[in-house]
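**Student:** My questions will all concern the structure given below.
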Amino acid sequence: PKIERASMTKIEPFSIADLSEIGSGLNRPECVLAAPDGSLYTGDWTLGIARIAPNGTTGPAVEVDLIAQGFRPNGIALLPDGDFLITNMARAGGVWRVSPRGHVSPFATEVAGQPIPPTNFVLVDGERTWITISSTERKHEHFTSAANTGKILLLKDGHLSVAVDGLNWTNEVRVSPGSEYLFVNETFACRTTRYDIALDGTLSSPVQLSFPQDIYPDGMAFDSEGGLWITCVISNRLIRVARDLTWTILLEDPDPALADIASSYAKGKLTWDQISRSRGSQLANLSSIAFGGPDLKSVYLGGLGHDSVRVLRSPVPGVPMCHWE
C-alpha cells in the first residue's frame, strides 16, 4: 500500500481527569452524532433516539415511541431533510427512516431478495449510504475471531448490494476525507480494514491493521489532518491512527480484569456477560465518537454502559459529517 508521510500534529495522551460529561438518563448511547446547532443525538433503548440540547437537557428526538414499536436503534444517521436513519438490532432488522414528527418507514429491509438481519451502523456518504451487519447469527455463545459472517451493504442510485462480506463483527465505517478509502472496524478480529473506493462504490485492495488482542475497535471519526480516532469497546481505549496506519493510544480506562477478558478471547471463550460487565473508573464499553462544537474540537464519546455522553477537548478539529453541509 501507498504510505503517506505528511506531518500530523502529535497529540499528548489525555487523562481521565480531562473528561467531562453532558446529558443524563441515557440508556446505551451507542452512536453519537453532533449537529451544527450544538445538539447531540444518540441511539437509546429507552428514548429511541435521544437529543441532548447544548445546555445538557435530554429528551426524545422524535415524536414516536420506537422502543414500544419493537425497534432497538443502534447506529443513527441524519438526512439532509432532518429525518433520521436507524439501524435496528431487534429481530426485524433492517434500516428504517424516522421523521421528527414520528413517521416510520422502511429504508433498507431486503438485499438480493433476502430480509436484512439486525443491523449495526449506517453512514450517509453524499449520494451513497453504507450499512453494516455485524453478524448474520446474533445468538453467540462466544465472541471470537472466527465469526466471519459480517457484511457491508451499499445503497447507491436506488440499488442495494453487498459491497463486502466475510467480515468479523462489522462495526462502524467511515470514508476518508479525500473519499479514496473506506475504513471498517472488525471488532472481534481486533482489526481495522481499509478499502480503496472506486467511483461506482466498488471496494477493493483491503489493507488490514491488526491490533493486540485486548483492543476491540468499535466507533471512529476522522480529524482534519486525516487521523482516524477509534473507540475500543471492552478495553475503554481511544486510539488515533495516522495516515501511514501507525497508531497511538490517546486515552485508556480499562477494567481491572481486562487481562482475564483478553485471555478468554484468546481461548475463544469470551462471553457477553464478560463484555457487558467491563467497566473502567469513568468509561463503560466505550463505543462511539463524534467531533462537534462550533470549532469541531469537542470530542463526544458514547458507551454501552454510560448514562451520559463523555466529552474531551481536542487540539485538532474533526472533519464535519455530511449532515453539517
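**Student:** Explain nothing, just compute: Karplus ³J(HN,Hα) = 6.51 cos²θ - 1.76 cosθ + 1.60, θ = phi - 60°, for every residue of the range 88-103 in order, whole Hz, x for Gly and Pro.
**Tutor:** Residue by residue, the range 88-103 yields 10, 8, 6, 4, 5, x, x, 10, 10, 9, 10, 8, x, 6, x, 6 Hz.
**Student:** For a quick check: with amide H placed at 1.01 Å from N, whose amide H comes under 5 Å from VAL111's, ignoring anything fewer than 5 positions away on the same chain?
**Tutor:** Distant-sequence amide H within range of VAL111: ILE116.
**Student:** Report the Cα centroid-to-centroid distance between the range 258-325 and the range 12-56 in angstrom, as an integer.
**Tutor:** Measuring centre to centre over Cα atoms gives 11 Å.
**Student:** Just to be sure I understand: with springs between alpha-carbon atoms less than 10 Å apart, which residue in ASP200, ASP83, ASP223 has the highest mean-square fluctuation in the Gaussian network model of the chain?
**Tutor:** Comparing ASP200, ASP83, ASP223 in a Gaussian network model of the chain, the most mobile one is ASP200.
**Student:** Next up: Take the chain, mark every one of the trypsin sites (Lys or Arg not before Pro) that falls in a DSSP loop and has at most 10 other Cβ within 10 Å, then report the longest stretch left between them, sites excluded. Spell out each step's value before the answer.
**Tutor:** Values: sites that count: LYS2, ARG5, LYS10, ARG91, ARG101, LYS139, LYS267.
After excluding every exposed loop site, the longest remaining stretch is 140-266.
**Student:** When every alpha-carbon pair in the range 216-301 is counted, what percent end up more than 17 Å apart?
**Tutor:** Result for the distance tail: 50 percent.
**Student:** Under a 5 Å amide H to amide H cut-off, with H placed in plane at 1.01 Å, what residues pair with LEU250 once short-range neighbours are removed?
**Tutor:** Amide H neighbours of LEU250: LEU238, ILE239, ARG240.
**Student:** Can you work out ³J(HN,Hα) from phi for every residue in the range 178-195, in order, using Karplus 6.51 cos²θ - 1.76 cosθ + 1.60 and θ = phi - 60°, giving whole Hz and x for Gly and Pro?
**Tutor:** For the range 178-195, the Karplus-derived couplings read x, 6, 8, 10, 10, 9, 9, 8, 10, 4, 8, 9, 6, 8, 10, 10, 10, 10 Hz, x marking Gly and Pro.
**Student:** If you project the alpha carbons of the range 68-222 onto the principal axes, what extent comes out on each, in Å, largest first?
**Tutor:** Its Cα atoms span 45, 39, 29 Å along the three principal axes.
**Student:** Now, a different point. Among all lysine pairs in the chain that are eight or more places apart or on different chains, how many have alpha carbons less than 22 angstrom apart?
**Tutor:** Close lysine pairs found across the chain: 5.
**Student:** Continuing with this model, one more query. Assuming R0 = 41 Å, what is the FRET efficiency of THR57 and SER210, from their Cβ-Cβ distance, to the nearest 0.05?
**Tutor:** 0.45
**Student:** While we're here: Rank by packing, highest mean first: peptides 204-214, 68-78, with packing defined as the count of other Cβ atoms within 10 Å averaged across residues. Can you show the working numbers first?
**Tutor:** On the way: 204-214: 13.5, 68-78: 20.1.
Descending mean neighbour count gives 68-78, 204-214.
**Student:** I need the fraction of alpha carbon pairs in the range 1-103 separated by more than 23 Å, rounded to a whole percent. Provide the component values of the computation, followed by the final result.
**Tutor:** Values: 1946 of 5253 pairs.
The calculated P(r) of the range 1-103 puts 37 percent of pairs beyond 23 Å.
**Student:** Follow-up question, since we're still on this one. Rounded if a/c is under 1.5, else prolate if a/b beats b/c, else oblate: with a ≥ b ≥ c from the C-alpha gyration tensor eigenvalues square-rooted, which is the chain?
**Tutor:** rounded
**Student:** With the Cα gyration tensor of the range 181-325 giving a ≥ b ≥ c as the square roots of its eigenvalues, does the rule (a/c under 1.5 for rounded; else a/b larger than b/c for prolate; else oblate) give rounded, prolate or oblate?
**Tutor:** Since a/c reaches 1.5 but b/c is at least a/b, the shape of the range 181-325 is classed as oblate.
**Student:** Return the sequence-ordered ³J(HN,Hα) values of the range 145-151 in whole Hz as given by the Karplus equation 6.51 cos²θ - 1.76 cosθ + 1.60 applied to θ = phi - 60°, using x for Gly and Pro.
**Tutor:** 6, 9, 8, 9, 10, x, 9
**Student:** Another one. So what is the 222 nm mean residue ellipticity for the chain from helices alone, if each DSSP H run of at least 4 adds -39500 (n - 2.57) and you divide by all residues, rounding to the nearest 500 deg cm²/dmol?
**Tutor:** -1000 deg cm²/dmol
Readers should treat all values here as calculations from the given coordinates under stated rules, not as data from a laboratory. Just so you know, these numbers come straight off a predicted model, no measurement behind them. Glycine gets a Cβ as well: all are built from the backbone with ideal geometry, and neighbour counts include every protein chain shown.
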